[in-house]
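Report on the structure given below.
The values are calculated or read from the model by the stated rules, or taken from the named source; none is laboratory data. No experiment lies behind these values; they were computed from the predicted model shown. Please note: Cβ atoms are built from the backbone with ideal geometry, for glycine as well, and neighbour counts cover all protein chains shown. The accessibility values were calculated without ligands, DNA or RNA, using every heavy atom of the protein model including side chains. Shrake-Rupley method; radii C 1.70, N 1.55, O 1.52, S 1.80 Å.
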Amino acid sequence: MTTEADRIADPWGERTPYDRGTPWPARTDRHLAPGLTEADVERWVQTASVLHSNGDAMDIAVRHGRVVGVRGRAGDRVNRGRLGPKDLYGWQANNSPDRLTRPLVRRNGRLVPSDWDTAMDRIVSRTRHLLDERGPGSIGFYTSGQLFLEEYYTLAVLARAGIGTNHLDGNTRLCTSTAAEALKESFGCDGQPGSYEDIDHADALALFGHNMAETQTVLWARVLDRLAGGDPPALVCVDPRTTPVARRATVHLAPRPGTNVALMNALLHEIIRRGWTDPSYIDAHTVGYAELAARVERCTPRWASRICDVPAPGIERAAEILGTAERLTSTVLQGFYQSHQATAAAVQVNNLHLIRGMLGRPGRGLLQMNGQPSAENTRECGADGNLPGFRNWQNDEQVAQLAEVWNVTPDRIPHYAPPTHAMQMFRYAEQGTLRMLWISGTNPAVSLPELARIRSILGQERLFVVVQDLFETETAQLADVVLPAATWGEKTGTLTNADRTVHLSDKAVDPPGEARPDLDIFLDFAARMDFRDKDGGPLIGWHDPESAFAAWQRCSAGRPCDYTGLSYERLHGGTGIQWPCTAGAPDGTSRLYTDGFPFAHPDTCESYGKDLVTGAPDEPVEYRSLNPDGKAVVKAAEYLPPHEDVSPDFPLQLITGRTVHHFHTRTKTGRAPELNAAAPDVWAEMSGAEAAALGLHAGDLVEVGTRRGAVRARLRITPMRDGVVFVPFHYGYWDTPAGHRPAADGAGRAANEGTITDWDPVSKQPLFKTCAARVTPVEPGTGTERHRTAHTARTARSAR
Amino acid sequence: MNALTVTLRTLHHGERHLEKALLAVAERHRTEHEVHHVATDLAGWSHEHCARLADTGHHYGLDLSGPPADPSPGALAGLRAKAAEAVGRRPEPGLALLHDLLDLHLAATRNSVHWEMLAQAGQAARDPRLLALTTACHPRTLRQARWTNTVIKQLSPQVLTSV
């Protein structure tokens, strides 16, 4: 079956039902430019999606040197040919007329077109000057979740061993750092335990704060196909909104934002009380169970119902499904990761699987999800979080190993403290101790909390800002040097999805104008800086994607994310392959932890764990005494009230999130006509009862204000819990007259104008889903506006 | 008054002091967002410890006041918070923060040593009440001390090596 239906109206496409334990049928989705058929396509070039974390494999259609469409790869394990709306339409952004085609430099306060030599000279001379005058701590790098592995790895080597700075992080800090941290807390090391195939085998699925229907449409199509087939799974959904997932759920729990730990503790309480644990698994494979049992002893469903405002019988019913399933698969995403006590809550989902022995077997899957397409690579390359190859900065032997791979002395690699996280880098810039920030492939002027603060930091005279991107984003407009980058389809590299599947993405067409691949830009910088290893040879000895991949393979050897059995050749033609892929496991590894937890051992673990309240790292000696044999760690957490709660002035809770039509700050999806038309402007969502209490109607223009700022949006009435207002975070200012900030009259369009600067102390992930707000009317809606708010599939059920 | 009650009283005073000090640091360093939020959370632990010490104190003939009714740093704090925002753009507050964290660390460590003394007394006297109290509270005091040390460890490189 090959389909080319209107996938704006139906994001998930036609059903291909299948029974439990049988393979998911293929369905090939395709979209070509108007008027073209497959006969017009000159070449199909292999790649995978860069507009979400699912890793859907596809081929790019090329005609006359341009991208003219896409088609899903039916043979790939991840999507079996399916594509979501963002992939079917998003490729058009590549051909957008406003792509950056030349470097820009700031002259007399304005960004003006320049050339590569001038732009790179400016960067290199500023870098040298800062290194001489202020040292490596004055230079920071903030990268993305959308580049390729080869690019992150090169950046990690040049930043850590070249510049010698500890300040390197990715915007994956906003989407996936809690996933990484939760895995480290429980299993000693990052690495996704489960596999998408677990959905084929599960008899119960639990989605914790994961609106899969909109963030990973193809994976949700897989769930829908299970629900339509024989022996369908029960579905538990935890989400304050009545999302498409919630509407299909057997049990939907809609907790008050910020109370996930209380809810999880009550679920664990019930499972222990009813005797649904697996004592022999707990004995054989874990440490710390007794502390968990003691911690949740008093966390009854009735106790949690008061904190979470969820009926106790609902909690009991959900616990019964989770507790009695024989093959339980759970997924976790931003509803947990971007909320109060993020890591503590995500760790409790790990605990659920540990105390029930639900790991390492088909259908017994745990998926701590990612938000961005190559977030996994940012993590494993050490461009976010720990050192490359999931190495432990507190373990001198692992640091020495890394130094050997790079042929430098260990003291060249900063490891006196954990790598600096993004929010701390911005703080250093605010204080003036960080003087250069090189931002690649991300848009903090829209995506970070409290935007007025971020704009004022980036706009400082004393901070030298380099931005490397496809378009003149809001952030680029604040830069001193802007470097035009090539994107997906215009360069070659690999990327790894949320279930460890590595895909090759081949170059299909040339980049526009003078735009260059991010890898080439980093290599050019390294060459101009003349970074050397300890024997005087070049620190970075590779010169193209394939040689960079080979360098990474050496770095990954023996670590959990072992790539040594992979090659570009093996990744060509067939399906993506899941790491670890080694000589011993040449076809990759579908599930981790089928037989114990080798990377929880004190010698090999990536992390010794952290205090779930303060984020303070444990010391090696403590970890060794707690977990001498390398078992999984069952880690209990106490519920703490949110840092910013509602008050008479700000009586509502603001949560931000995603919509199915857009990715991140819309730099690409806002330039794809179908996606832009489907969701052209920001909106706010409230429940009917909450709106009625405020005298508001669908279509009214409202202001959603917090102590920090406000956004103006049309109101939509949707089913969700009362007391909450939802605003999608994608919208900024690049397509408004003011360019990078709200217009002079102060009406913001970016949800992050008002979000709070607060982050999980453990994962350092900012909390976009726990702050206090108020909603006030600006002007009533007209009939058309009321109609317009109801025009997408998702809001067609609007109350009016 | 014997040595045990003196120690209880001293620790009670120490926890009262630490709660206030944590809240004062939270207020003074509002622009250090993680310090602000975590210090506020950890003040709650000292508050609870103080209440428990007062409860237990009754059994030893002590009349301790318990946690302060209004532990907030007072009117001056508002001014300090404003000052924090005004100087938030300069590097020197980094050093002021390190010194504040050092004071917190020493206060928490001092409390921790007193908890250790009480725990030892509880063991020697086979006093279940005292043992229950120290078992519940001492780990959290250690976590307070660990946190302050961690923040100092993580911020010092930037504060002390930047010009």
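Below are the figures for this structure:
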| item | result |
| --- | --- |
| Residue-averaged beta-carbon neighbours from other chains (10 angstrom radius) around B:150-156 | 5 |
| Amide proton proximity set for residue A:29, modelled H, under 5 Å, gap of 5+ | A:3, A:72, A:82, A:83 |
| Lys pairs, chain A - Cα-Cα below 21 angstrom, 8 or more residues apart or on other chains | 14 |
| 10 Å Cβ neighbours from other chains, averaged over peptide A:417-425 | 3 |
| Accessible area buried between chains A and B, both sides summed, probe 1.4 Å, in Å² to nearest 100 | 2900 |
| Solvent-accessible area, 1.4 Å probe, carbon plus sulfur percent, for the range A:2-95 | 50 |
| Packing-based ranking, highest mean first, of A:24-31, A:149-156 given that Cβ atoms within 10 Å are counted | A:149-156, A:24-31 |
| Kirkwood hydrodynamic radius of the range A:364-486, Cα pairs, Å | 16.5 |
| Alpha-carbon centroids, the range A:359-374 and the range B:1-16: separation in whole Å | 52 |
| Long-range HN-HN contacts of residue A:778 with modeled amide H, under 5 Å | A:701, A:702, A:703 |
| Neighbourhood charge, 12 Å Cβ-Cβ cut-off, centred on residue A:486 and excluding it, Lys, Arg +1 and Asp, Glu -1 | -3 |
| Lys, Arg +1 and Asp, Glu -1 on Cβ, resulting dipole of the range A:652-795 about Cα centre, debye, nearest 20 | 340 |
| Helix B:33-58 vs. chain B, principal-axis angle (Cα, 0 to 90°, nearest 10) | 20 |
| Ranked packing of B:126-137, A:299-310, most packed first, by mean Cβ within 10 Å | A:299-310, B:126-137 |
| Phi-based couplings in Hz for the range B:127-143 (Karplus 6.51, -1.76, 1.60; Gly and Pro marked x) | 9, x, 5, 5, 5, 4, 4, 5, 5, 6, 9, 4, x, 6, 5, 4, 5 |
| Charge dipole of chain A about the Cα centre (unit charges at C-beta), most positive-ward option of A:616, A:733, A:561 | A:733 |
| HN-Hα J in Hz across the range A:501-508 - Karplus 6.51, -1.76, 1.60, θ = phi - 60°, x for Gly and Pro | 7, 8, 10, 9, 10, 8, 6, 9 |
| Residues whose placed amide H lies under 5 Å from that of residue A:365, excluding near-sequence neighbours | A:328, A:329, A:330 |
| Delta accessible area of at least 50 Å² on complex formation, residues of the range A:429-475, 1.4 Å probe, chain isolated as reference | A:431, A:433 |
| Solvent-accessible area per residue, Å², over chain A with all protein chains present [probe radius 1.4 Å] | 30 |
| Charge tally in the Cβ shell below 13 Å around residue B:154, where Lys, Arg are +1 and Asp, Glu are -1, residue B:154 excluded | +3 |
| Label-point gap, in nm, between residue A:647 and residue A:20 - each point 7 angstrom along Cα→Cβ | 5.1 |
| Karplus-derived 3J(HN,Hα), 6.51/-1.76/1.60, for each residue of the range A:246-259, Hz, glycine and proline x | 4, 5, 9, 6, 5, 9, 10, 10, 10, x, 4, x, x, 10 |
| Alpha-carbon centroids, the range A:578-626 and the range A:420-448: separation in whole Å | 30 |
| 0 to 90° range, to nearest 10: angle between helix B:93-124 axis and chain B longest Cα axis | 10 |
| Size of electric dipole in the protein assembly as shown: Cβ of Lys, Arg +1 and of Asp, Glu -1, about Cα centre, debye, nearest 20 | 1400 |
| Once the Cα gyration tensor of chain B is diagonalised, semi-axes √(5λ) in Å | 33, 17, 10 |
| FRET efficiency for residue B:123 and residue A:274, using Cβ-Cβ distance with R0 set to 35 Å, rounded to 0.05 | 0.40 |
| Translational D in µm²/s for the range A:154-234 (Stokes-Einstein at 20 °C, 1.002 mPa s, Kirkwood Rh from C-alpha pairs) | 136 |
| Threshold 40 Å², the range A:618-659 residues less accessible with all protein chains present than alone (1.4 Å probe) | A:638, A:643 |
| Overall form of the range A:652-795 per C-alpha gyration tensor (a/c, 1.5; a/b vs b/c) | rounded |
| Whole-number D in µm²/s for the range A:1-127 (Stokes-Einstein; Kirkwood sum over Cα pairs; 37 °C, 0.692 mPa s) | 190 |
| Surrounding net charge for residue B:129, when Lys and Arg each add one and Asp and Glu each subtract one, Cβ distance under 15 Å | 0 |
| Inter-label distance for residue A:5 and residue A:324, nm, one decimal - labels placed 7 Å from Cα along Cα-to-Cβ | 3.5 |
| Largest to smallest principal axis extent of the C-alpha atoms in the protein assembly as shown, angstrom | 96, 66, 65 |
| Beta bridges per DSSP with both ends in chain A, % antiparallel, nearest 5 | 50 |
